[in-house]
Amino acid sequence: MSGIPVENVGEAVDRLITVPMSNWAILKGIPVGQVYEACRAKVGEPLCLRAARMLVENVAPGDTVIFVTGFVMLSCGKPETDGPVGAAALARAVDVGLKATPIFVTEDSVKPAMAATAVGAGLHPWDPDSARQGIHRAIIEGFPIDHQAASDAAHRMLDRYQPSAVIAIERPGWNRNRVHHSGGGFGISEFTAKIDYLFEEAKARGILTIGIGDLGNEMGMGFVADTIRRLIPHGDVCQCPCGGGIAAASEPDLGIMTNISNWGAYGVEACLAALLDEPEVLHDGPAERWLIEESVRGGAIDPVSGLLRPYVDGTPTHINVAIVELLHSIVHHRVPGSVFTREYQATWTKGKK
């Protein structure tokens, strides 16, 4: 283990993923840094590092971890690439690093894109009854749009899978009136699965809940709801009849504000890699390219252009690849190589001597 404090890694990771360079930050002036600082003030340490520590403390080999994601675009009825890609990448990290089985929960309409993205991460979509009997398998579950059906499904799913954590990544979160909204303040509840019931019931049962977002209307950003209502356009008053604003209401154990939600998931991966002294827990640049491309092939879109193109929030693939490679650079300052590389180097050096 390196003598470099893991806190140094956490600080560098959080700074990188909150650089205000996205569509929301540059074109629309969303104060990513201010919302991040509000989250940070409640935690007292780097947010991605706190999330990684929580996962290490709560998730054991053989456990399950639920990832809720999928943001269906009002304009075309397709899911965006931000969310499923980050969920699949972090699910891979939880599978590789913590030996837990990931479960993806989303709309039925998003399941094909989620399955393609999971495959892009190297995971095998599997039958729920036997998924935990093998390695690198993942479960993909749909969820109801109707409130009562969703409430019933939440209890059944938690009873069945007994997850150690529920992580929301770029997932619509209902506001104080239990209405979901697009970033522009328009209502989207009519076609949005009410996974909020699952998230809130998990917290009520004492299950770890983490939310990652990049605007404030995402599940878990209720962690700093007052800040969202004050700083984000339509945060307090939306453009739909409910009038309750887009600020998500559900408050998790930890909320992470980031520049692009996928990047927040990558930040947690990086900190997991640092804590576990295993850089391969964090996926690499080529894997990031493959993830985005597979997600698009599965039907996910770039939400800024509305096109089936390998972009995330208007950001092209090569920029997302660069972010992942920069995160690897940060992690490698603490852990120079993987376990496999270090063992090989030690053997080779001994032989040369």
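If you check Glu11, Glu57, which single one turns out to be within 20 Å of the chain's Cα centre (by Cα), surrounded by fewer than 14 Cβ atoms within 10 Å (Cβ to Cβ) and over 26 Å from His181 (Cα atoms)?
Going through Glu11, Glu57 in turn, the sole match is Glu57.
I'd like to know if region 82-97 contains one or more residues that are touching a Phe, Trp or Tyr at 6+ places or on another chain (Cβ under 9 Å), in contact (Cβ under 8 Å) with a residue 40 or more places away in the chain and more than 17 Å from Ala121 (Cα to Cα).
No, every residue in region 82-97 fails to be touching a Phe, Trp or Tyr at 6+ places or on another chain (Cβ under 9 Å), in contact (Cβ under 8 Å) with a residue 40 or more places away in the chain and more than 17 Å from Ala121 (Cα to Cα).
Please enumerate the residues belonging to region 197-234 that are surrounded by fewer than 23 Cβ atoms within 10 Å (Cβ to Cβ), not hydrophobic (A, V, I, L, M, F, W, C) and not in a helix (DSSP H, G or I).
Arg205, Gly206, Pro233, His234
How many residues does region 171-218 contain that are of a type in the set (Lys, Arg) and within 19 Å of Leu158 (Cα to Cα)? Before the answer, list the steps.
Just the residues of region 171-218 that are of a type in the set (Lys, Arg), to begin with: 171, 176, 178, 194, 203, 205.
Checking which are within 19 Å of Leu158 (Cα to Cα) leaves us with 171, 194, 203, 205.
So the answer is 4.
Output the residues belonging to region 18-76 that are aromatic (Phe, Trp, Tyr) and under 30 Å from Pro112 (Cβ atoms).
Initial filter on region 18-76 (aromatic (Phe, Trp, Tyr)): 24, 36, 67, 71.
The answer is Trp24, Phe67, Phe71.
Assess whether His283 counts as being outside any loop (DSSP other than H, G, I, E, B), touching a residue at least 40 places away in the same chain (Cβ under 8 Å) and more than 28 Å from Gly77 (Cβ to Cβ). Spell out the reasoning first.
On the way: outside any loop (DSSP other than H, G, I, E, B): no; touching a residue at least 40 places away in the same chain (Cβ under 8 Å): yes; more than 28 Å from Gly77 (Cβ to Cβ): yes.
The answer is no for His283.
For region 158-188, name all the residues that are touching a residue at least 40 places away in the same chain (Cβ under 8 Å), under 13 Å from His147 (Cβ atoms) and not aliphatic (A, V, I, L, M). Spell out the reasoning first.
Residues of region 158-188 touching a residue at least 40 places away in the same chain (Cβ under 8 Å): 158, 161-179, 181-188.
Keeping just the survivors that are under 13 Å from His147 (Cβ atoms) gives 174, 177-179.
Correct list: Trp174, Asn177, Arg178.
Take the residues in region 168-196 that are outside any loop (DSSP other than H, G, I, E, B) and touching a Phe, Trp or Tyr at 6+ places or on another chain (Cβ under 9 Å); name whichever of them is farthest from Gly142 (Cα to Cα). Quick ask: steps written out before the conclusion?
To start, the set of residues in region 168-196 that are outside any loop (DSSP other than H, G, I, E, B) comprises 168-169, 172, 181, 187, 189-191, 196.
Retained after the next criterion (residues that are touching a Phe, Trp or Tyr at 6+ places or on another chain (Cβ under 9 Å)): 168-169, 172, 181, 189, 196.
Details: Ala168: 15, Ile169: 16, Pro172: 15, His181: 20, Ser189: 16, Asp196: 14 Å.
Among those that are outside any loop (DSSP other than H, G, I, E, B) and touching a Phe, Trp or Tyr at 6+ places or on another chain (Cβ under 9 Å), it is His181.
Out of Glu293, Glu343, which single residue is out of contact with any helix residue (DSSP H, G or I) (no Cβ under 6 Å at 6 or more places or on another chain), acidic (Asp, Glu), at pLDDT 95 or above and surrounded by fewer than 19 Cβ atoms within 10 Å (Cβ to Cβ)? Break it down stepwise before answering.
Working: Glu343 fails: at pLDDT 95 or above.
Just one listed residue meets the conditions, Glu293.
Name the single residue that is surrounded by the fewest Cβ atoms within 10 Å (Cβ to Cβ) among those in region 139-167 being part of a loop (DSSP other than H, G, I, E, B) and within 22 Å of the chain's Cα centre (by Cα). Give the steps one after another, and end with the answer.
In the first step, residues of region 139-167 are kept if they are part of a loop (DSSP other than H, G, I, E, B); the result is 143-146, 162-164.
Still in the list and also within 22 Å of the chain's Cα centre (by Cα): 143-145, 162-164.
On the way: Phe143: 23, Pro144: 18, Ile145: 17, Gln162: 11, Pro163: 25, Ser164: 20.
Result: Gln162.
Test of understanding: among Ala116, Ala121, which residue is at pLDDT 95 or above, surrounded by 23 or more Cβ atoms within 10 Å (Cβ to Cβ) and not acidic (Asp, Glu)? Steps first, answer last, please.
Numbers: Ala116 fails: surrounded by 23 or more Cβ atoms within 10 Å (Cβ to Cβ).
The conditions single out Ala121.
The values are calculated or read from the model by the stated rules, or taken from the named source; none is laboratory data. Quick caveat: nothing in here was measured; it's all calculated off a predicted structure. Glycine also receives a Cβ, built like all others from the backbone with ideal geometry; neighbour counts cover every protein chain displayed.
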